[in-house]
Amino acid sequence: MSQEVRVRFAPSPTGPFHIGGARSALFNYLAAKHTGGKFVVRIEDTDQKRSTRESEENIKDALKWLGINWDEGIDIGGPDGPYRQMERLDIYKKYTEKLLAEGKAYYCFCTTEELEAEKEEQLKKGETPVYSGKCRNLPKETVQQYLKEGRPYVIRVATPKDQIIAIDDLVRGHVEFDSNIVGDFVIVKSDGIPVYNYCVVMDDALMHITHVIRAEEHLSNTPRQIVLYHALGFPVPQFAHVSLILGKDKKKMSKRHGATSVQQYKDMGYLPAAIVNFLALLGWTPDSDQEIFSQEELIQQFSLDRVAKNPAVFDIEKLNWINFHYMKELDENQLLAVCLPHLQKAGYASEQPSEQEMQWLKAMCQDMREHVQYGAQIVDAAKIFFTDDFKPENEETAAVLQEETASAVLKMFSDELAGLDQVTADTVQPLFKKIQKGLKVKGKFVYMPIRVALTGVMHGPELNVIVALMGRDKVQKRLAQSGLI
Ligand code: GLU
(Lines give C-alpha, C1' and ligand atoms only; values in the text may rest on other atoms or scores of the structure.)
Protein backbone atom coordinates (compact mmCIF):
# COMPACT_ATOMS: atom_id res chain seq x y z
CA MET A 1 0.00 0.00 0.00
CA SER A 2 1.35 3.42 -0.83
CA GLN A 3 2.12 5.85 1.95
CA GLU A 4 -0.64 8.20 3.16
CA VAL A 5 -0.16 11.76 1.89
CA ARG A 6 0.48 14.10 4.82
CA VAL A 7 0.89 17.78 4.10
CA ARG A 8 1.02 20.88 6.20
CA PHE A 9 0.54 24.60 6.19
CA ALA A 10 3.00 26.28 8.51
CA PRO A 11 2.40 30.03 8.62
CA SER A 12 4.50 32.50 10.58
CA PRO A 13 1.97 34.67 12.41
CA THR A 14 3.73 37.92 11.65
CA GLY A 15 1.11 40.12 10.01
CA PRO A 16 -1.99 40.12 7.87
CA PHE A 17 -2.76 36.78 6.24
CA HIS A 18 -1.62 37.23 2.66
CA ILE A 19 -3.58 35.87 -0.26
CA GLY A 20 -0.44 33.91 -1.27
CA GLY A 21 -0.47 32.15 2.10
CA ALA A 22 -4.10 31.24 1.56
CA ARG A 23 -3.17 29.80 -1.83
CA SER A 24 -0.42 27.64 -0.22
CA ALA A 25 -2.88 26.47 2.43
CA LEU A 26 -5.45 25.64 -0.23
CA PHE A 27 -3.03 23.66 -2.40
CA ASN A 28 -1.98 21.62 0.63
CA TYR A 29 -5.58 21.07 1.63
CA LEU A 30 -6.56 19.97 -1.88
CA ALA A 31 -3.54 17.68 -2.21
CA ALA A 32 -4.53 15.99 1.06
CA LYS A 33 -8.24 15.69 0.35
CA HIS A 34 -7.69 14.51 -3.22
CA THR A 35 -5.80 11.49 -1.93
CA GLY A 36 -7.67 10.95 1.31
CA GLY A 37 -4.57 12.14 3.19
CA LYS A 38 -4.13 14.45 6.15
CA PHE A 39 -3.70 18.20 6.34
CA VAL A 40 -1.84 19.63 9.32
CA VAL A 41 -1.68 23.29 10.41
CA ARG A 42 1.32 24.32 12.47
CA ILE A 43 2.31 27.76 13.70
CA GLU A 44 5.92 28.84 13.13
CA ASP A 45 6.40 31.49 15.79
CA THR A 46 10.12 31.31 16.56
CA ASP A 47 10.55 34.84 15.26
CA GLN A 48 9.30 36.15 18.56
CA LYS A 49 9.74 39.80 17.75
CA ARG A 50 7.36 39.64 14.83
CA SER A 51 4.96 36.86 15.85
CA THR A 52 1.65 37.79 17.44
CA ARG A 53 -1.34 35.86 18.72
CA GLU A 54 -3.55 38.32 16.92
CA SER A 55 -2.04 37.33 13.60
CA GLU A 56 -2.39 33.65 14.48
CA GLU A 57 -6.09 34.16 15.25
CA ASN A 58 -6.50 36.05 12.03
CA ILE A 59 -4.96 33.21 10.01
CA LYS A 60 -7.09 30.57 11.69
CA ASP A 61 -10.28 32.61 11.21
CA ALA A 62 -9.46 33.15 7.55
CA LEU A 63 -8.78 29.45 6.96
CA LYS A 64 -12.06 28.54 8.62
CA TRP A 65 -13.92 31.20 6.67
CA LEU A 66 -12.50 29.79 3.43
CA GLY A 67 -13.51 26.28 4.45
CA ILE A 68 -9.88 25.12 4.47
CA ASN A 69 -10.23 22.88 7.50
CA TRP A 70 -7.38 20.89 8.97
CA ASP A 71 -7.24 17.37 10.32
CA GLU A 72 -4.48 17.86 12.86
CA GLY A 73 -2.80 20.87 14.28
CA ILE A 74 -3.25 24.04 16.18
CA ASP A 75 -6.46 24.22 18.28
CA ILE A 76 -7.62 20.71 17.43
CA GLY A 77 -4.50 18.79 18.42
CA GLY A 78 -3.32 15.46 17.07
CA PRO A 79 -0.73 12.77 17.68
CA ASP A 80 2.33 14.89 16.89
CA GLY A 81 1.62 18.05 18.89
CA PRO A 82 2.16 20.59 20.22
CA TYR A 83 1.65 22.48 16.97
CA ARG A 84 3.10 25.85 17.94
CA GLN A 85 6.89 25.91 17.59
CA MET A 86 7.56 27.90 20.75
CA GLU A 87 5.87 25.05 22.64
CA ARG A 88 8.24 22.52 21.09
CA LEU A 89 11.54 23.91 22.36
CA ASP A 90 12.17 20.84 24.54
CA ILE A 91 11.85 18.58 21.52
CA TYR A 92 14.29 20.69 19.52
CA LYS A 93 16.76 20.72 22.39
CA LYS A 94 17.00 16.93 22.40
CA TYR A 95 17.88 16.87 18.73
CA THR A 96 20.44 19.64 19.15
CA GLU A 97 22.14 17.68 21.91
CA LYS A 98 22.18 14.64 19.67
CA LEU A 99 23.70 16.58 16.76
CA LEU A 100 26.34 18.09 19.08
CA ALA A 101 27.21 14.68 20.53
CA GLU A 102 27.58 13.21 17.05
CA GLY A 103 29.75 16.07 15.88
CA LYS A 104 27.14 17.06 13.28
CA ALA A 105 26.70 20.43 14.92
CA TYR A 106 29.09 22.57 16.90
CA TYR A 107 29.35 25.59 19.19
CA CYS A 108 30.57 28.72 17.52
CA PHE A 109 31.99 31.50 19.68
CA CYS A 110 32.95 33.90 16.91
CA THR A 111 31.98 37.47 17.70
CA THR A 112 29.97 39.68 15.39
CA GLU A 113 33.13 41.70 14.67
CA GLU A 114 35.07 38.59 13.70
CA LEU A 115 32.28 37.42 11.44
CA GLU A 116 32.00 40.86 9.82
CA ALA A 117 35.75 40.98 9.17
CA GLU A 118 35.64 37.50 7.65
CA LYS A 119 32.75 38.46 5.44
CA GLU A 120 34.49 41.60 4.20
CA GLU A 121 37.60 39.64 3.41
CA GLN A 122 35.62 37.16 1.33
CA LEU A 123 33.74 39.90 -0.48
CA LYS A 124 37.03 41.62 -1.28
CA LYS A 125 38.24 38.44 -2.92
CA GLY A 126 35.00 38.26 -4.91
CA GLU A 127 33.81 35.19 -3.03
CA THR A 128 30.29 34.48 -1.80
CA PRO A 129 30.38 35.11 1.96
CA VAL A 130 30.12 31.79 3.80
CA TYR A 131 31.17 31.11 7.39
CA SER A 132 34.75 29.82 7.34
CA GLY A 133 34.17 27.01 9.81
CA LYS A 134 36.67 28.47 12.23
CA CYS A 135 35.01 26.92 15.31
CA ARG A 136 34.18 23.62 13.62
CA ASN A 137 37.23 21.87 14.94
CA LEU A 138 37.79 23.56 18.26
CA PRO A 139 39.27 21.10 20.75
CA LYS A 140 36.69 19.72 23.17
CA GLU A 141 38.53 21.24 26.14
CA THR A 142 38.48 24.69 24.60
CA VAL A 143 34.74 24.39 23.99
CA GLN A 144 34.20 23.28 27.60
CA GLN A 145 36.31 26.12 28.87
CA TYR A 146 34.53 28.76 26.76
CA LEU A 147 31.19 27.43 27.91
CA LYS A 148 32.35 27.57 31.51
CA GLU A 149 33.49 31.14 31.02
CA GLY A 150 29.98 31.91 29.82
CA ARG A 151 31.07 33.13 26.39
CA PRO A 152 28.10 33.77 24.14
CA TYR A 153 27.70 31.21 21.39
CA VAL A 154 25.50 30.01 18.57
CA ILE A 155 25.20 26.46 17.30
CA ARG A 156 26.02 25.70 13.69
CA VAL A 157 25.48 22.62 11.61
CA ALA A 158 28.58 20.99 10.14
CA THR A 159 27.62 20.94 6.48
CA PRO A 160 29.47 18.31 4.43
CA LYS A 161 31.90 19.91 1.95
CA ASP A 162 31.97 19.58 -1.84
CA GLN A 163 28.60 17.97 -2.28
CA ILE A 164 25.79 18.52 -4.69
CA ILE A 165 22.45 18.83 -2.92
CA ALA A 166 19.71 17.93 -5.36
CA ILE A 167 15.94 17.82 -5.23
CA ASP A 168 13.35 16.74 -7.74
CA ASP A 169 10.79 19.38 -7.06
CA LEU A 170 7.29 18.38 -8.12
CA VAL A 171 6.75 21.81 -9.66
CA ARG A 172 10.23 23.10 -10.54
CA GLY A 173 11.83 19.82 -11.61
CA HIS A 174 15.44 18.89 -10.86
CA VAL A 175 17.25 21.60 -8.88
CA GLU A 176 20.85 21.40 -7.61
CA PHE A 177 22.72 23.39 -4.98
CA ASP A 178 26.40 23.43 -3.97
CA SER A 179 26.94 22.49 -0.32
CA ASN A 180 29.96 24.82 -0.12
CA ILE A 181 27.66 27.76 -0.68
CA VAL A 182 25.28 26.54 1.99
CA GLY A 183 28.11 26.47 4.53
CA ASP A 184 27.89 25.91 8.28
CA PHE A 185 24.85 28.00 9.04
CA VAL A 186 23.43 28.83 12.46
CA ILE A 187 20.74 26.46 13.72
CA VAL A 188 20.40 27.79 17.27
CA LYS A 189 20.76 31.51 17.92
CA SER A 190 22.61 33.02 20.87
CA ASP A 191 19.30 33.37 22.75
CA GLY A 192 18.87 29.59 22.54
CA ILE A 193 16.00 29.73 20.05
CA PRO A 194 16.40 27.43 17.04
CA VAL A 195 15.96 29.02 13.61
CA TYR A 196 13.16 28.39 11.13
CA ASN A 197 15.26 26.22 8.78
CA TYR A 198 16.02 23.86 11.64
CA CYS A 199 12.63 23.70 13.37
CA VAL A 200 10.84 23.17 10.08
CA VAL A 201 12.86 20.02 9.41
CA MET A 202 12.31 18.52 12.84
CA ASP A 203 8.62 19.37 12.71
CA ASP A 204 8.02 18.08 9.21
CA ALA A 205 9.85 14.86 10.00
CA LEU A 206 8.20 14.30 13.38
CA MET A 207 4.78 15.10 11.92
CA HIS A 208 5.45 12.57 9.12
CA ILE A 209 4.96 15.12 6.38
CA THR A 210 5.31 13.48 2.96
CA HIS A 211 4.97 16.54 0.73
CA VAL A 212 6.15 20.05 1.49
CA ILE A 213 4.03 22.34 -0.66
CA ARG A 214 4.94 25.99 -0.21
CA ALA A 215 5.81 29.22 -1.95
CA GLU A 216 8.72 29.46 -4.37
CA GLU A 217 10.46 31.95 -2.10
CA HIS A 218 11.34 29.01 0.17
CA LEU A 219 13.23 27.16 -2.57
CA SER A 220 16.45 28.85 -1.46
CA ASN A 221 15.92 27.49 2.07
CA THR A 222 15.57 23.95 0.82
CA PRO A 223 19.30 23.02 0.56
CA ARG A 224 19.80 24.05 4.19
CA GLN A 225 16.87 21.95 5.19
CA ILE A 226 18.18 18.95 3.25
CA VAL A 227 21.53 19.23 5.01
CA LEU A 228 19.60 19.01 8.28
CA TYR A 229 17.40 16.09 7.18
CA HIS A 230 20.61 14.19 6.49
CA ALA A 231 22.30 15.26 9.72
CA LEU A 232 19.26 14.23 11.75
CA GLY A 233 18.82 10.99 9.83
CA PHE A 234 15.26 11.81 8.75
CA PRO A 235 13.79 10.82 5.37
CA VAL A 236 13.57 13.80 2.99
CA PRO A 237 9.98 14.60 1.92
CA GLN A 238 8.95 15.56 -1.60
CA PHE A 239 8.98 19.27 -2.31
CA ALA A 240 6.62 21.32 -4.44
CA HIS A 241 7.51 25.00 -4.67
CA VAL A 242 4.57 26.90 -6.05
CA SER A 243 5.28 29.98 -8.18
CA LEU A 244 4.96 33.53 -7.01
CA ILE A 245 1.78 35.51 -7.47
CA LEU A 246 2.35 38.54 -9.66
CA GLY A 247 0.26 41.64 -10.24
CA LYS A 248 -0.97 42.42 -13.73
CA ASP A 249 2.23 44.39 -14.37
CA LYS A 250 4.17 41.13 -13.80
CA LYS A 251 5.73 42.49 -10.61
CA LYS A 252 5.45 40.58 -7.33
CA MET A 253 1.98 41.10 -5.90
CA SER A 254 2.11 43.78 -3.25
CA LYS A 255 -0.03 46.44 -1.63
CA ARG A 256 0.50 48.62 -4.70
CA HIS A 257 -1.68 46.19 -6.63
CA GLY A 258 -4.61 46.57 -4.24
CA ALA A 259 -5.82 44.34 -1.47
CA THR A 260 -3.38 41.56 -0.56
CA SER A 261 -4.84 40.07 2.60
CA VAL A 262 -7.70 37.60 2.90
CA GLN A 263 -9.30 39.87 5.51
CA GLN A 264 -9.47 42.75 3.04
CA TYR A 265 -11.35 40.60 0.53
CA LYS A 266 -13.66 39.38 3.26
CA ASP A 267 -14.27 42.98 4.32
CA MET A 268 -15.08 43.94 0.74
CA GLY A 269 -17.82 41.34 0.65
CA TYR A 270 -16.26 38.64 -1.49
CA LEU A 271 -17.61 35.14 -0.96
CA PRO A 272 -15.33 32.44 0.41
CA ALA A 273 -16.28 29.91 -2.28
CA ALA A 274 -15.31 32.44 -4.95
CA ILE A 275 -11.96 33.20 -3.33
CA VAL A 276 -11.20 29.48 -3.08
CA ASN A 277 -12.18 28.95 -6.71
CA PHE A 278 -10.01 31.89 -7.79
CA LEU A 279 -7.01 30.88 -5.67
CA ALA A 280 -7.10 27.34 -7.02
CA LEU A 281 -6.67 28.73 -10.50
CA LEU A 282 -3.63 30.80 -9.42
CA GLY A 283 -1.12 28.23 -10.52
CA TRP A 284 -3.19 25.09 -10.98
CA THR A 285 -4.44 24.40 -14.50
CA PRO A 286 -7.45 22.15 -14.85
CA ASP A 287 -7.44 19.81 -17.84
CA SER A 288 -10.52 21.43 -19.37
CA ASP A 289 -11.57 25.03 -19.83
CA GLN A 290 -13.90 24.88 -16.85
CA GLU A 291 -13.50 27.95 -14.65
CA ILE A 292 -16.11 27.56 -11.95
CA PHE A 293 -15.32 24.83 -9.46
CA SER A 294 -17.08 23.85 -6.29
CA GLN A 295 -14.83 22.76 -3.46
CA GLU A 296 -15.79 19.12 -4.16
CA GLU A 297 -14.80 19.48 -7.81
CA LEU A 298 -11.48 21.01 -6.82
CA ILE A 299 -10.81 18.12 -4.45
CA GLN A 300 -11.66 15.66 -7.18
CA GLN A 301 -9.61 17.27 -9.90
CA PHE A 302 -6.63 18.89 -8.16
CA SER A 303 -3.22 17.40 -8.72
CA LEU A 304 0.27 18.75 -8.16
CA ASP A 305 1.41 17.71 -11.61
CA ARG A 306 -0.89 20.32 -13.09
CA VAL A 307 0.61 23.13 -11.02
CA ALA A 308 2.46 25.45 -13.39
CA LYS A 309 6.06 26.49 -13.04
CA ASN A 310 5.51 29.96 -14.43
CA PRO A 311 4.22 32.72 -12.17
CA ALA A 312 0.51 33.15 -11.62
CA VAL A 313 -1.00 36.53 -12.39
CA PHE A 314 -3.56 37.97 -10.01
CA ASP A 315 -6.35 39.27 -12.21
CA ILE A 316 -8.89 41.13 -10.10
CA GLU A 317 -11.38 41.22 -12.98
CA LYS A 318 -11.35 37.46 -13.04
CA LEU A 319 -11.93 37.33 -9.30
CA ASN A 320 -14.83 39.74 -9.71
CA TRP A 321 -16.26 37.64 -12.50
CA ILE A 322 -16.02 34.49 -10.41
CA ASN A 323 -17.46 36.24 -7.37
CA PHE A 324 -20.37 37.59 -9.42
CA HIS A 325 -21.08 34.04 -10.48
CA TYR A 326 -21.34 32.93 -6.85
CA MET A 327 -23.36 36.03 -5.90
CA LYS A 328 -25.96 35.02 -8.49
CA GLU A 329 -26.53 31.80 -6.61
CA LEU A 330 -27.46 33.59 -3.38
CA ASP A 331 -31.13 33.82 -2.52
CA GLU A 332 -32.47 37.24 -1.51
CA ASN A 333 -31.84 36.70 2.20
CA GLN A 334 -28.26 35.59 1.64
CA LEU A 335 -27.71 38.49 -0.72
CA LEU A 336 -28.97 40.92 1.90
CA ALA A 337 -26.71 39.35 4.52
CA VAL A 338 -23.69 39.98 2.27
CA CYS A 339 -24.72 43.55 1.43
CA LEU A 340 -26.11 44.76 4.77
CA PRO A 341 -22.81 45.49 6.56
CA HIS A 342 -21.71 47.65 3.64
CA LEU A 343 -24.98 49.55 3.60
CA GLN A 344 -24.71 50.08 7.36
CA LYS A 345 -21.16 51.29 7.06
CA ALA A 346 -22.20 53.78 4.40
CA GLY A 347 -25.02 55.00 6.64
CA TYR A 348 -27.62 53.62 4.20
CA ALA A 349 -29.08 51.16 6.69
CA SER A 350 -29.78 51.37 10.41
CA GLU A 351 -27.70 49.33 12.80
CA GLN A 352 -30.87 47.55 13.82
CA PRO A 353 -33.23 47.80 10.87
CA SER A 354 -36.96 47.44 11.49
CA GLU A 355 -38.87 44.71 9.71
CA GLN A 356 -40.12 47.28 7.20
CA GLU A 357 -36.64 48.63 6.52
CA MET A 358 -35.35 45.07 6.10
CA GLN A 359 -38.01 44.40 3.49
CA TRP A 360 -37.03 47.50 1.60
CA LEU A 361 -33.31 46.70 1.83
CA LYS A 362 -33.93 43.17 0.66
CA ALA A 363 -35.92 44.33 -2.34
CA MET A 364 -33.31 46.96 -3.17
CA CYS A 365 -30.41 44.47 -3.05
CA GLN A 366 -32.40 42.05 -5.15
CA ASP A 367 -33.16 44.71 -7.76
CA MET A 368 -29.56 45.90 -7.83
CA ARG A 369 -27.90 42.50 -7.93
CA GLU A 370 -26.90 42.80 -11.59
CA HIS A 371 -24.70 45.73 -10.59
CA VAL A 372 -23.02 44.09 -7.64
CA GLN A 373 -20.03 41.81 -8.23
CA TYR A 374 -19.07 41.81 -4.55
CA GLY A 375 -20.73 43.10 -1.39
CA ALA A 376 -19.16 46.54 -1.15
CA GLN A 377 -20.37 47.47 -4.63
CA ILE A 378 -23.92 47.66 -3.28
CA VAL A 379 -23.01 51.06 -1.85
CA ASP A 380 -22.39 52.52 -5.26
CA ALA A 381 -25.54 50.94 -6.61
CA ALA A 382 -27.65 52.12 -3.67
CA LYS A 383 -26.23 55.65 -3.67
CA ILE A 384 -29.03 56.97 -5.86
CA PHE A 385 -31.56 56.36 -3.11
CA PHE A 386 -29.64 58.15 -0.41
CA THR A 387 -27.99 61.15 -2.01
CA ASP A 388 -30.49 63.96 -2.28
CA ASP A 389 -28.22 66.82 -3.21
CA PHE A 390 -26.90 65.45 -6.48
CA LYS A 391 -26.36 67.27 -9.74
CA PRO A 392 -26.39 65.71 -13.22
CA GLU A 393 -23.05 63.95 -13.44
CA ASN A 394 -21.80 65.73 -16.57
CA GLU A 395 -22.78 68.11 -19.35
CA GLU A 396 -24.34 65.46 -21.50
CA THR A 397 -26.52 64.39 -18.62
CA ALA A 398 -27.41 67.97 -17.76
CA ALA A 399 -28.44 68.52 -21.39
CA VAL A 400 -31.13 65.85 -21.04
CA LEU A 401 -33.01 68.13 -18.67
CA GLN A 402 -32.72 71.00 -21.13
CA GLU A 403 -34.60 69.18 -23.87
CA GLU A 404 -37.69 71.03 -25.01
CA THR A 405 -40.08 68.33 -23.83
CA ALA A 406 -38.36 67.54 -20.50
CA SER A 407 -40.48 69.84 -18.41
CA ALA A 408 -43.78 68.52 -19.80
CA VAL A 409 -42.61 64.93 -19.36
CA LEU A 410 -41.65 65.44 -15.72
CA LYS A 411 -44.87 67.28 -15.04
CA MET A 412 -47.06 64.60 -16.55
CA PHE A 413 -45.10 61.88 -14.76
CA SER A 414 -45.56 63.68 -11.48
CA ASP A 415 -49.31 63.98 -12.03
CA GLU A 416 -49.71 60.38 -13.10
CA LEU A 417 -47.71 59.17 -10.15
CA ALA A 418 -49.87 61.19 -7.80
CA GLY A 419 -52.90 59.41 -9.21
CA LEU A 420 -51.64 55.88 -8.55
CA ASP A 421 -53.19 53.95 -5.69
CA GLN A 422 -49.97 52.08 -5.12
CA VAL A 423 -46.50 52.75 -6.43
CA THR A 424 -44.94 49.47 -7.54
CA ALA A 425 -42.69 48.50 -10.45
CA ASP A 426 -45.78 47.10 -12.18
CA THR A 427 -48.03 50.11 -11.66
CA VAL A 428 -45.32 52.56 -12.73
CA GLN A 429 -44.27 50.80 -15.94
CA PRO A 430 -47.42 51.70 -18.01
CA LEU A 431 -47.02 55.39 -17.16
CA PHE A 432 -44.04 55.78 -19.49
CA LYS A 433 -46.05 54.60 -22.52
CA LYS A 434 -48.92 56.79 -21.48
CA ILE A 435 -46.65 59.84 -21.41
CA GLN A 436 -45.16 58.93 -24.82
CA LYS A 437 -48.62 58.78 -26.30
CA GLY A 438 -49.96 61.78 -24.46
CA LEU A 439 -47.09 64.08 -25.36
CA LYS A 440 -46.20 62.41 -28.66
CA VAL A 441 -42.54 61.95 -27.79
CA LYS A 442 -40.25 58.99 -28.27
CA GLY A 443 -39.44 56.65 -25.35
CA LYS A 444 -35.95 58.04 -24.87
CA PHE A 445 -37.34 61.52 -24.26
CA VAL A 446 -39.52 60.12 -21.52
CA TYR A 447 -37.14 57.77 -19.76
CA MET A 448 -34.03 59.89 -19.81
CA PRO A 449 -35.28 63.14 -18.25
CA ILE A 450 -37.07 61.18 -15.52
CA ARG A 451 -34.00 59.06 -14.88
CA VAL A 452 -31.69 62.08 -14.73
CA ALA A 453 -34.08 64.04 -12.53
CA LEU A 454 -34.30 61.12 -10.13
CA THR A 455 -30.71 59.88 -10.09
CA GLY A 456 -28.41 62.38 -11.82
CA VAL A 457 -27.05 59.69 -14.14
CA MET A 458 -28.09 58.16 -17.43
CA HIS A 459 -27.56 54.52 -16.56
CA GLY A 460 -28.67 52.12 -13.88
CA PRO A 461 -31.39 49.62 -13.12
CA GLU A 462 -34.83 49.69 -14.77
CA LEU A 463 -36.54 53.02 -14.23
CA ASN A 464 -39.81 51.56 -12.92
CA VAL A 465 -37.79 49.61 -10.36
CA ILE A 466 -35.97 52.75 -9.24
CA VAL A 467 -39.23 54.64 -8.90
CA ALA A 468 -40.84 51.85 -6.88
CA LEU A 469 -37.86 51.59 -4.55
CA MET A 470 -37.59 55.34 -4.12
CA GLY A 471 -41.24 55.65 -3.24
CA ARG A 472 -43.73 58.30 -4.15
CA ASP A 473 -42.58 61.07 -1.82
CA LYS A 474 -38.92 60.97 -2.67
CA VAL A 475 -39.69 60.79 -6.39
CA GLN A 476 -41.97 63.81 -6.17
CA LYS A 477 -39.35 65.68 -4.19
CA ARG A 478 -36.67 65.00 -6.75
CA LEU A 479 -38.91 65.90 -9.66
CA ALA A 480 -39.60 69.20 -7.93
CA GLN A 481 -35.92 69.66 -7.17
CA SER A 482 -35.16 69.53 -10.91
CA GLY A 483 -36.75 72.97 -11.13
CA LEU A 484 -38.72 71.93 -14.19
CA ILE A 485 -42.16 71.42 -12.70
N1 GLU B 1 6.73 29.71 8.21
C2 GLU B 1 7.02 29.81 6.82
C3 GLU B 1 6.29 30.97 6.23
O4 GLU B 1 5.29 31.41 6.76
C5 GLU B 1 6.57 28.59 6.08
C6 GLU B 1 7.69 27.81 5.63
C7 GLU B 1 7.35 26.49 5.04
O8 GLU B 1 6.23 26.28 4.57
O9 GLU B 1 8.26 25.68 5.07
O10 GLU B 1 6.69 31.47 5.20
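The values are calculated or read from the model by the stated rules, or taken from the named source; none is laboratory data. As the structure is a prediction and not an experimental result, all values here were calculated from the model. Ideal geometry is used to build each Cβ from the backbone, glycine not excepted, and the neighbour counts take in all protein chains shown. Surface areas here come from the heavy atoms of the whole protein model, side chains and all, with no ligands, DNA or RNA. Shrake-Rupley method; radii C 1.70, N 1.55, O 1.52, S 1.80 Å.
Each residue of region 115-194 gets 137 Å³ once the volume of the Cα convex hull is shared out per residue. Model label sites at V175 and K94, defined 7 Å from Cα along the beta-carbon direction, differ in position by 3.2 nm.
Taking a Cβ cut-off of under 14 Å around E404, the surrounding Lys, Arg, Asp and Glu residues balance to a net charge of +3, with basic ones at +1 and acidic ones at -1.
The figure for K362 is an accessible area of roughly 30 square angstrom, using a 1.4 Å probe on the protein chains alone.
Would you please classify the overall shape of region 234-312 from the alpha carbon gyration tensor, given that a ≥ b ≥ c denote the square roots of the eigenvalues, rounded means a/c under 1.5, and beyond that prolate means a/b larger than b/c while oblate covers the rest? Cα axes put region 234-312 in the oblate bin. Cβ under 11 Å from S24's Cβ, S24 left aside: what net charge do those residues give with Lys, Arg +1 and Asp, Glu -1? That works out to +1. Using heavy atoms of the protein chains and a probe of 1.4 Å, the accessible area assigned to T52 is about 60 Å².
Carbon-plus-sulfur accessible fraction, region 62-123 (probe radius 1.4 Å, protein heavy atoms only): 51%.
Figure note: R156, R53 ranked by solvent-accessible area, largest first, 1.4 Å probe, ligands and nucleic acids not counted: R53, R156.
Contact order for the chain, expressed relative to its length and based on alpha carbon pairs under 8 Å spaced 6+ residues apart, stands at 12 percent.
Taken over the chain, the convex hull of the Cα atoms encloses 209 Å³ per residue. Accessible surface ranking for V262, V175, 1.4 angstrom probe, highest first: V175, V262. When K119, K252, K125 are compared by accessible area at a 1.4 angstrom probe, the order from most to least is K125, K252, K119. Based on the alpha-carbon gyration tensor of region 90-225 and its eigenvalue square roots a ≥ b ≥ c, which shape applies: rounded if a/c is under 1.5, prolate if not and a/b is larger than b/c, or oblate? Taking the square roots of the gyration eigenvalues as a ≥ b ≥ c, region 90-225 is oblate.
Taking packing as the residue-averaged number of other Cβ atoms within 10 angstrom, the listed peptides 11-23, 416-428 run from highest to lowest as 11-23, 416-428. Taking 0.36 nm per residue of sequence separation and removing the Cα-Cα distance, the K345/K444 pair yields an extension gain of 32.1 nm. Note on region 392-485: along the principal axes its Cα atoms extend 36, 26, 22 Å, ordered by decreasing extent.
Taking a straight Cα-Cα cut-off under 14 Å and skipping sequence neighbours fewer than 8 places away in the same chain, the aspartates and glutamates within cross-link reach of K474 are D388, D389.
A 1.4 Å probe run over the protein chains yields, for the chain, 50 Å² of accessible area per residue, whole-number rounding.
Each Cα pair under 8 Å and six or more residues apart adds its separation to the average, and for region 211-344 the resulting relative contact order is 27 percent. Mean separation of Cα pairs under 8 Å and 6 or more residues apart, divided by the residue count, gives region 324-419 a relative contact order of 26 percent. Using the empirical formula 2.2 N^0.38 Å as the baseline, the Cα radius of gyration of region 196-343 reaches a ratio of 1.28. With viscosity set to 0.890 mPa s at 25 °C, what whole-number translational diffusion coefficient in µm²/s follows for region 1-133 from Stokes-Einstein and a Kirkwood radius over Cα pairs? The calculation lands on 137 µm²/s. Checked against a 18 Å cut-off, the cross-linked pairs K49/K189; K33/K328; K411/K477; K248/K318 give Cα-Cα distances beyond that limit for K33/K328.
Taking the centroid of alpha carbons for each part, region 112-132 and region 366-385 are 61 Å apart. Accessible area per residue was computed with a 1.4 Å probe on protein heavy atoms; Y106 scores about 20 Å². Summing +1 for each Lys or Arg and -1 for each Asp or Glu among the other residues whose beta-carbon sits under 14 angstrom from that of N197 gives -2.
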